[in-house]
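Visitor: One structure, as structure tokens, below. Some questions next.
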Amino acid sequence: MKAIVKLLIVSSVLALAACQSSSSTSPLLSAEPEIDASLSRAPRTLRLLYSALPDVSKSSLRLVGPSGELALRGLHTMAADDLMIEILDEVTPGNYTVYWSTAVGDDPAVHEGSYGFSYAP
Ligand SMILES: [Cu+2]
């Protein structure tokens, strides 16, 4: 009985470890505005920080808010393992989702993901 429980614990720990080391792990580390942030001031830029330098030519950012997709301009990297872009449209109160895709470092694989933040002045 106890041996079976131990075996189950060991195998689930191994499954977790395998999952964390897989290449499908998101390279996104953090963002400005922060992931899931509740903002009281409207952001004017988005900056996403990755585990290695993004390839801008393989990257895209989209920002979708309460009235649809916002116009963005000037996707670039500050050469600090980041992507950055200016928000052209007015950020009105509500919930926002940032959609990103990129390839980082020497890995040609394109990763993508999304996260949210909210703005209430
Ligand atoms: Cu910049």
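Every number in this text was worked out from the coordinates using simple rules, so none of it is lab data. Keep in mind that this is a model prediction, so the values were computed, not measured. Please note: Cβ atoms are built from the backbone with ideal geometry, for glycine as well, and neighbour counts cover all protein chains shown.
Visitor: Within 10 Å, Cβ to Cβ, of residue 110, how many net charges do the neighbouring residues add up to if Lys/Arg are +1 and Asp/Glu are -1? Don't skip to the answer; put the middle values down first.
Guide: Numbers: positive: 58; negative: 55, 107, 112.
My count for the surroundings of residue 110 gives -2.
Visitor: So, one more: Explain nothing, just the number: relative contact order of the range 26-119, from Cα pairs under 8 Å at least 6 residues apart, as a whole percent. Let's see the in-between values first.
Guide: Values: 219 pairs, mean separation 32.3, N = 94.
Relative contact order comes out at 34 percent.
Visitor: Under 1.5 on a/c is rounded, so check that first for the range 52-121, then, if it is not, pick prolate when a/b is larger than b/c and oblate when it is not; a ≥ b ≥ c are the square roots of the alpha carbon gyration tensor eigenvalues. Before the final figure, lay out the partial values.
Guide: Details: a/c = 2.51, a/b = 2.04, b/c = 1.23.
Judged from the Cα gyration tensor, the range 52-121 comes out prolate (a/c at least 1.5, a/b above b/c).
Visitor: Charges only on Cβ, +1 for Lys and Arg, -1 for Asp and Glu: so what's the dipole of the range 26-119 about the Cα centre, in debye to the nearest 20? Provide the component values of the computation, followed by the final result.
Guide: On the way: 6 positive and 13 negative charges, 48 e Å.
Charge dipole of the range 26-119: 240 debye, to the nearest 20.
Visitor: Please give the peptides 36-46, 90-100 ranked by average Cβ packing (other Cβ atoms within 10 Å per residue), highest first, as a rough proxy for protection.
Guide: On the way: 36-46: 13.0, 90-100: 15.6.
Top to bottom by mean Cβ count within 10 Å: 90-100, 36-46.
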